[in-house]
1. Report, in deg cm²/dmol and to the nearest 500, the calculated mean residue ellipticity at 222 nm for the chain, where each DSSP H run with n ≥ 4 adds -39500 (n - 2.57) and the sum is divided by the residue count.
2. In terms of the Cα gyration tensor, with a ≥ b ≥ c the square roots of its eigenvalues, is the stretch 133-271 rounded because a/c is under 1.5, prolate because a/b exceeds b/c, or oblate?
3. Which distance in nm do the two modelled labels at Lys85 and Phe125 give, with both placed 7 Å along the Cα-to-Cβ direction?
4. Rounded to the nearest 20 debye, what is the charge dipole size of the stretch 22-224 about its Cα centre when +1 sits on each Lys and Arg Cβ and -1 on each Asp and Glu Cβ?
5. Could you report the accessible area of Leu281 in Å², rounded to 10, computed with a 1.4 Å probe on the protein chains as they sit in the structure?
6. Considering the Cα positions of the stretch 1-106, please state its Rg to one decimal place and its Dmax as a whole number of Å.
7. What's the longest uninterrupted piece of the chain once you rule out the GluC sites (Glu not before Pro) that are loop residues per DSSP with at most 14 other Cβ within 10 Å?
8. Counting only heavy atoms of protein chains, what accessible area per residue, in Å², does the chain have with a probe of 1.4 Å?
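The values are calculated or read from the model by the stated rules, or taken from the named source; none is laboratory data. Everything numeric in this text was worked out from a predicted model, so none of it was measured. Please note: Cβ atoms are built from the backbone with ideal geometry, for glycine as well, and neighbour counts cover all protein chains shown. The area values use the complete protein model at the heavy-atom level, side chains included, leaving out ligands, DNA and RNA. Shrake-Rupley method; radii C 1.70, N 1.55, O 1.52, S 1.80 Å.
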Amino acid sequence: MSFFLQVLLSGVVLGLVYALAALGFVLIYKASRVVNFAQGQFIAIGAFTAYFAAVSLGLPFLLAAALALAFTALLGFGVERVFLKRMVGQPIIAVIMATIGLASLLDGLIHLTPFGAGNFSYPPFLPAGGVAFLGVQISYAQLLAVAFTLVFLLLFTWFFQRSTLGIAMRSVADDQMASMSLGVSVEKVFALAWAAAGLTAAAAGLVVGTISGLNLDGLVHIGLKVFPVVILGGLDSIPGAVVAGILIGVLENLAAGYLDAYVPGGGTRDVFPFLVLLLVLWFKPHGLFGTEEIERV
């Protein structure tokens, strides 16, 4: 029983990290109907910026983390202004291809730095040990990750539901021309969506680095692994990203804990979530919480 609870709680923590990373996809898609394939690179940049500030510059970790969040948000804002602003009104596939090229560019630039290879870890800033819950030991790093993720998710949920700018972003996602006729600056909304996506990517990178350390390939891989989360929850749903993230995280851990022993070579944690995704999409093509749209003929 204790093994099951350990696997379950670890899966919930992993799922919340996935949800935080998926939030960047949802923010951009809600504003512009574009899928950002460079999210994994933004996660890596945010994580390594905090490491550089804490280790090389000697800043306290909390200040280094704040600097990383601000830097990655500015990077997202700048990327939209420089590379994607001119593509407003172009076919969606062209913008998606641009984000794929952006991912390759950022990946190459990161490989030119000392962080392109090797494993790194943040300076210790939490006490050792953890707390016991239902007979399962939970580290302080995991507790911090859960709290950090929940705060971000609640803030962005409130932002989209209650703030004027959040409602403007939702209106732009629904109909750009109608939003422009009402005085909403579509360009401003796009830029802020990319800045917010950079912010959440850095937050996800900080959480991953705190729990398991830093590795470029691992951080970028998280950006790819959240695709099932985004699609399962619904591309435009923040609650869907949370539910799907936890579901995928738990399924991964359960598959690794109980199925790997019966499969030669293991690796079921990388396959099982996709099987569940296909099963759910069979019955709900828009995801668990995605908006079903009816196109006019």
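1. Values: 11 runs with 201 residues, N = 297.
Calculated mean residue ellipticity at 222 nm is -23000 deg cm²/dmol.
2. Taking the square roots of the gyration eigenvalues as a ≥ b ≥ c, the stretch 133-271 is prolate.
3. Computed distance between label sites Lys85 and Phe125 equals 3.3 nm.
4. Values: 8 positive and 6 negative charges, 69 e Å.
With Lys and Arg at +1 and Asp and Glu at -1, about 340 debye.
5. 40
6. Every Cα atom of the stretch 1-106 included, Rg and Dmax give 17.1, 56 Å.
7. Within the chain, the longest run free of exposed GluC sites (Glu not before Pro) spans 1-291.
8. Details: 14560 Å² over 297 residues.
The answer is 49 Å² per residue.
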